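**Student:** This is the structure I want to talk about, given as structure tokens.
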Amino acid sequence: MITMSSMRSHKLVLFFAISCLLLQEKCIDASVRLLCKQSERKALLEFKHSLQAMDSSGDDALSLWESEECCFWPGVECNSLTGYVEMLDFSDQLWVVAGTISPSLLKLHHLTSLNFNGNDFNGSLIPEFFGSLKNLKLLDLSNANFRGPIPSLLGNLSMLETLRLGGNGGGVTYRHNFKKMFSIGKLEWLSHLSRLKQVDLSFTNLSNANDWSQVISHLPFLEELVMTDCDLPSISSSSPSSANHSTSLTHLDLSANNLPSSAIYPWLFNVSRNLVSLNLSRNKLKGPIPEGFGNMMDINELYLSDNLLILAENQVRGDSVLNEIVKLPYITVLDLGYNLLNGSISKSIGQVSNLQVLRLVGNSFNGDVISEAHFSNFTYLQELDLSYTYLTLKFNSGWIPPFKLIQIKLCSCKLGPRFPDWIRTQTDVEILDISASGISDSLPYWFWDPFQRLKYINISFNQISGTFPNKSIPVRHLDLSSNNFSGPLPHFSLDSMNMRTINLSKNKFTGTISPICSITGQSFLVWLDLSNNLFSGVLPDCFGSFPSLTALNLGDNSFSGSLPSSLGSLTSLEMLSLRGNKFSGELPLSLQSCTKLKFLDLSDNELSGETPMWIGQRLSSLVFLSLQRNQFRGRIPHQLCGLKYLQILDLSVNKISDTVPPCLNNFTSMAEKVSLDRRIEHHLSDVVSFEWFAQVQVRYVDEALLTWKGTTQSYPQLGLLLAIDLSCNKLTGEVPEGLSSLQELVALNLSRNFLTGKFIQNIGHLRQLEVLDLSRNKFSGNIPTSLSELTFLSTLDLSYNELSGKIPTSTQLQSFDPSSFSHNRGLCGPPVSPNCSMGDPPPGKPAVGGEGDCDEFMKWFYTAMGLGFAMGFWGFCSVVFFKRSWRHSYFRYLDDAKDWVYVSVVLLKTRLVSRIRALSTR
């Protein structure tokens, strides 16, 4: 028995050993076998052939899709047990996918996730076969540049839990003039996706989706809904959708839909019981903030900015509804910016212990005073935005706030006149904006020391004075404009990744600007404005270090010398202003490489040479061109006529000769009614901290300095003024009749030249003309009757010509001063004379213009002064020389005057010595 039993046990052991060996061999074989299914590998290769995927260096990003193991290909994930492809994810990659999507994806029968977020399919339609991917749980086509109607077949994806179609057609940040790529009719197909938890349809056209609220209300598992800027139709209060059945919704974003209060409140307060985040910004909510917001007990984030809400006092309890909102136990973000809130802010707001973000920007709390009591319990506050509220912040000296702010935005609040000391304690701050805050003080010695994380500084439009320490300023955005800073140019961070924008304009900085050359390497500097200071010297030839620079303003300083050739390396430059300096010499040929220039102002310098023809050939995007007050000579090159976007051309006060080019009618922006840039703006959105997603929106506007209606002024609204100024030159010949085809022209100044011939016969075609100055030329003949058709004309000067005949009759022309027509030959009629029957008025001497005429007054002034001095001096000498008695009297007078001066000085010295001795003996 024992032997038999022993044999059986040995057999069992042997069986188990062999089984383990077999299993181990099987496991080893399994590890050697490929996980990828060959049929799915083939389908993926077909899918690849219809795509283009490029990385930042221009290489094929899908070149790794060649190995046998497809489960390890970039963007592909397989089930670790079965080997079936379950996920295709092309989002957040270092490369961009484009092209078309092959139906071979239908062969991936186990695909559950398809993500093309952040790619570019060039406006192609969403493939309808997506509706046949029955196992999909996630479909993300957001920001992938799809367009057209959303196929209703997507309603067949019954397993879908996440659907993101929003943001197609460009980055979400720049949506100002965004054309929606998706147009959706009814949303009935969405109701079939009963498992949905997350839906993003932002920036789609839902203007015809009258059933949207009803469909959303019947998705039982929906947790997150984003429908930003969808043109949502209003909800009728009698609609069945107003009785909401969804209880799972926690995040709701209906911002930028122009929804009125009556349309959204009934539906909203039915769904609000579990809401954690609510965004109703940029709608048409108006009136008092309803008490229903105070009942959202689970709310963490409440965004109600850009509406028409007011703070109405509660008739029963005597406090505002805002007090009810801030009592919500979990509220961390409260955004009420840009509403119609006014009155006073209760100190009870300081009891919100969990608040991290408080935004009241753009409301009007004129005269209200904020003290430390308002912030008494803000232990966790990280962002404070009270900009444009005009609040007065008055804190006791030595106050230490309970919070550590990351963003301080107090533009246009009253903080001064002393620099606020409490800011010194905010050592974690990354964004600091205290511009236009009434500070009239010197910059504290400690300012640059405690802020190691500071990325954005705006202290502009104050009266802050002082100089800067001799150390680097490590910030990304620096705006110190419109203050009283002095001394040399500050040293900026040597870390070239830091500096993005620098604005030091309208201060009293002196010396050279050579320190900018210390920002070496691949700099990311985008704007540099050093205008309206006291800088001098020659420009350093180091602009090749700034390949990303789009705006450079060095105007109104005292720079001299020639322009450095390295300016031509600024191939991204859109704005260049060097006006109001002492630059000399010819324009460097390298400037023609700045082909993106829209704004070029070289006025008020000493530049010379012929007007470069390459301006018209290479700088074809120019909107503003001013070479005013230089020494340019020669003719106006006909190549300038190729500037079809040009809105303002100013070549006045130079030595330009020859005739006016007949091709000026090629200026399309002046000849046709087209959509113009009302201003040339540069926008920059920069995330200065990814940890807290601290984002700044920086804007720079190119302002033209123009002589407009006789006054030189800054003029930022370029699109409202279309002007040609060729005055004070040496132009000859007749004015081309084609000039009358510039029907959108607002100002035309050809004065002080040597132009001849008849008046522009079709001048009446310039219906938008407000300013016309043809004075001090040699125009002859009659004034055309079409001049009376210029109903907007407010400034007219035809004086000092050889015009004759009757002045055309119109209310407009007869309202001008007679001096507008003076010094012409034979002009008659109102306003020069009552009528023409009295005979011609005596001819005035026609005075012509030209360069010298621009300085006519000064020439006559100095001539008269010289003649007066000569006559007075020699007249006096002649009398003294020839009349002996006068000569003796004159020299006797000089002797007496000398004696009087000597005695007066001696007496004064004696008195001072006596007083000093008396004081020393006390």
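**Student:** Could you identify the single residue in Ser675, Ser608, Ser603, Ser657 that is part of a loop (DSSP other than H, G, I, E, B) and modelled with pLDDT of 90 or more? Steps first, please.
**Tutor:** Details: Ser675 fails: modelled with pLDDT of 90 or more; Ser608 fails: part of a loop (DSSP other than H, G, I, E, B); Ser657 fails: part of a loop (DSSP other than H, G, I, E, B).
Only one candidate passes the filter, namely Ser603.
**Student:** Looking only at the stretch 67-109, which residues are in a loop (DSSP other than H, G, I, E, B) and of a type in the set (Ser, Thr, Tyr)? Can you show your working first?
**Tutor:** The first filter runs over the stretch 67-109 and keeps only residues in a loop (DSSP other than H, G, I, E, B), leaving 67-69, 73-75, 79-84, 90-94, 100-102, 108-109.
Those that are in a loop (DSSP other than H, G, I, E, B) and of a type in the set (Ser, Thr, Tyr): Ser67, Ser80, Thr82, Tyr84, Ser91, Thr100, Ser102.
**Student:** Out of Ser237, Ser261, Ser255, Ser248, which single residue is at negative phi, of a type in the set (Gly, Ala, Ser), surrounded by fewer than 18 Cβ atoms within 10 Å (Cβ to Cβ) and modelled with pLDDT of 85 or more?
**Tutor:** That would be Ser248, the only listed residue that is at negative phi, of a type in the set (Gly, Ala, Ser), surrounded by fewer than 18 Cβ atoms within 10 Å (Cβ to Cβ) and modelled with pLDDT of 85 or more.
**Student:** Further question on the same structure: Go through the stretch 718-735 residue by residue and tally those that are open to solvent by less than 20 Å² (accessible area, probe 1.4 Å) and either in contact with a Cys (Cβ under 9 Å, 6 or more places away or on another chain) or of a type in the set (S, T, N, Q) (or both).
**Tutor:** Total meeting the criteria: 3.
**Student:** Sticking with this one: Kindly indicate whether Asn366 is under 28 Å from Thr392 (Cα atoms) and open to solvent by 10 Å² or more (accessible area, probe 1.4 Å). Talk me through it step by step, then tell me what you get.
**Tutor:** On the way: under 28 Å from Thr392 (Cα atoms): yes; open to solvent by 10 Å² or more (accessible area, probe 1.4 Å): yes.
For Asn366, the condition - under 28 Å from Thr392 (Cα atoms) and open to solvent by 10 Å² or more (accessible area, probe 1.4 Å) - is met.
**Student:** Take the residues in the stretch 272-315 that are β-branched (Val, Ile, Thr) and open to solvent by less than 20 Å² (accessible area, probe 1.4 Å); name whichever of them is farthest from Leu341 (Cα to Cα). Step through it out loud before you land on a result.
**Tutor:** From the stretch 272-315, those β-branched (Val, Ile, Thr) are 276, 289, 299, 310; that's our starting set.
From the residues that got through so far, the ones that are open to solvent by less than 20 Å² (accessible area, probe 1.4 Å) too are 289, 299.
Details: Ile289: 10, Ile299: 22 Å.
Filtering the stretch 272-315 for residues that are β-branched (Val, Ile, Thr) and open to solvent by less than 20 Å² (accessible area, probe 1.4 Å), the one farthest from Leu341 (Cα to Cα) comes out as Ile299.
**Student:** Sticking with this one: Against the definition (surrounded by fewer than 20 Cβ atoms within 10 Å (Cβ to Cβ), more than 23 Å from Arg41 (Cα to Cα) and touching a Gly at 6+ places or on another chain (Cβ under 7 Å)), how does Asn156 come out, yes or no?
**Tutor:** On the way: surrounded by fewer than 20 Cβ atoms within 10 Å (Cβ to Cβ): yes; more than 23 Å from Arg41 (Cα to Cα): yes; touching a Gly at 6+ places or on another chain (Cβ under 7 Å): yes.
When the stated conditions are applied, Asn156 passes them.
**Student:** Shifting gears a bit: Would you point out which residue out of Asn115, Asn122 is buried (at least 20 other Cβ atoms within 10 Å of the Cβ), polar (S, T, N, Q) and under 40 Å from the mean Cα position of the chain (by Cα)? Outline the logic, then answer.
**Tutor:** Values: Asn122 fails: buried (at least 20 other Cβ atoms within 10 Å of the Cβ).
Being buried (at least 20 other Cβ atoms within 10 Å of the Cβ), polar (S, T, N, Q) and under 40 Å from the mean Cα position of the chain (by Cα) holds for just one of Asn115, Asn122, which is Asn115.
**Student:** Here's another thing I want to ask about it. Hey, can you tell me all the residues within the stretch 795-826 that are farther than 17 Å from Ser751 by Cβ and either within 51 Å of the chain's Cα centre (by Cα) or open to solvent by 50 Å² or more (accessible area, probe 1.4 Å) (or both)? Outline the logic, then answer.
**Tutor:** The initial filter retains those residues of the stretch 795-826 that are farther than 17 Å from Ser751 by Cβ, namely 804-815, 818, 825-826.
Within the stretch 795-826, Lys806, Ile807, Pro808, Thr809, Ser810, Thr811, Gln812, Leu813, Gln814, Ser815, Pro818, Arg825 qualify.
**Student:** So in the stretch 715-737, with the set limited to residues that are assigned to a strand (DSSP E or B) and at pLDDT 70 or above, which one is farthest from Asp479 (Cα to Cα)? Break it down into steps so the answer makes sense when it comes.
**Tutor:** Within the stretch 715-737, the first condition is being assigned to a strand (DSSP E or B), and the residues that meet it are 715, 723-725, 730-733.
Those left that are additionally at pLDDT 70 or above: 723-725, 730-733.
Values: Ala723: 32, Ile724: 34, Asp725: 34, Lys730: 43, Leu731: 44, Thr732: 47, Gly733: 50 Å.
Applying the filter and picking the extreme gives Gly733.
**Student:** Could I ask something else about it? Do you know which residues across the stretch 440-457 are of a type in the set (A, V, I, L, M, F, W, C) and part of a loop (DSSP other than H, G, I, E, B)? Break it down stepwise before answering.
**Tutor:** Our first condition is that a residue be of a type in the set (A, V, I, L, M, F, W, C); within the stretch 440-457, this holds for 443, 446-448, 451, 454, 457.
The answer is Leu443, Trp446, Phe447, Trp448, Phe451, Leu454.
**Student:** Taking the residues in the stretch 464-500 that are assigned to a strand (DSSP E or B) and open to solvent by 10 Å² or more (accessible area, probe 1.4 Å) as candidates, determine which candidate is farthest from Cys411 (Cα to Cα).
**Tutor:** In the first step, residues of the stretch 464-500 are kept if they are assigned to a strand (DSSP E or B); the result is 465-466, 473, 477-479, 484-487, 492.
With open to solvent by 10 Å² or more (accessible area, probe 1.4 Å) added as a condition, the list becomes 465-466, 479, 484, 486-487.
Details: Ser465: 18, Gly466: 21, Asp479: 13, Asn484: 18, Ser486: 23, Gly487: 26 Å.
Selected residue: Gly487.
**Student:** From the list Phe535, Phe492, exactly one residue is closer than 20 Å to Phe583 by Cβ and not acidic (Asp, Glu). Which is it?
**Tutor:** Working: Phe492 fails: closer than 20 Å to Phe583 by Cβ.
Every option except Phe535 fails the conditions.
**Student:** Moving on to the next point. Going residue by residue through the stretch 421-428, is there one that turns out to be crowded, with 20+ Cβ neighbours inside 10 Å, under 28 Å from Asn307 (Cβ atoms), of a type in the set (A, V, I, L, M, F, W, C) and out of contact with any Lys or Arg (no Cβ under 6 Å at 6 or more places or on another chain)?
**Tutor:** No - not one qualifying residue is present in the stretch 421-428.
**Student:** Further, regarding this structure: Among the residues of the stretch 288-315, which ones are under 33 Å from the mean Cα position of the chain (by Cα) and at pLDDT 90 or above?
**Tutor:** Pass one, the stretch 288-315, residues under 33 Å from the mean Cα position of the chain (by Cα): 289, 300-311.
Result: Asn300, Glu301, Leu302, Tyr303, Leu304, Ser305, Asp306, Asn307, Leu308, Leu309.
**Student:** Residue by residue through the stretch 738-778, note down the ones that are of a type in the set (Val, Ile, Thr), assigned to a loop (DSSP other than H, G, I, E, B) and either surrounded by fewer than 17 Cβ atoms within 10 Å (Cβ to Cβ) or over 35 Å from the mean Cα position of the chain (by Cα) (or both). Reasoning before the result, please.
**Tutor:** Residues of the stretch 738-778 of a type in the set (Val, Ile, Thr): 746, 756, 760, 763, 771.
Add one more test, that the residue is assigned to a loop (DSSP other than H, G, I, E, B), and what stays is 746, 760.
The answer is Ile760, and nothing else.
**Student:** Does any residue of the stretch 378-392 turn out to be open to solvent by 40 Å² or more (accessible area, probe 1.4 Å) and at positive phi? Reasoning before the result, please.
**Tutor:** Narrowing the stretch 378-392 to residues open to solvent by 40 Å² or more (accessible area, probe 1.4 Å): 379-380, 382, 388, 390.
Add one more test, that the residue is at positive phi, and what stays is 388, 390.
Yes: the stretch 378-392 contains one or more residues that are open to solvent by 40 Å² or more (accessible area, probe 1.4 Å) and at positive phi.
The values are calculated or read from the model by the stated rules, or taken from the named source; none is laboratory data. Everything numeric in this text was worked out from a predicted model, so none of it was measured. Counting neighbours? That spans all protein chains shown, and the Cβs are built from the backbone with ideal geometry, glycine included. Keep in mind that these areas ignore ligands, DNA and RNA; they rest on the heavy atoms of the full protein, side chains included. Shrake-Rupley method; radii C 1.70, N 1.55, O 1.52, S 1.80 Å.
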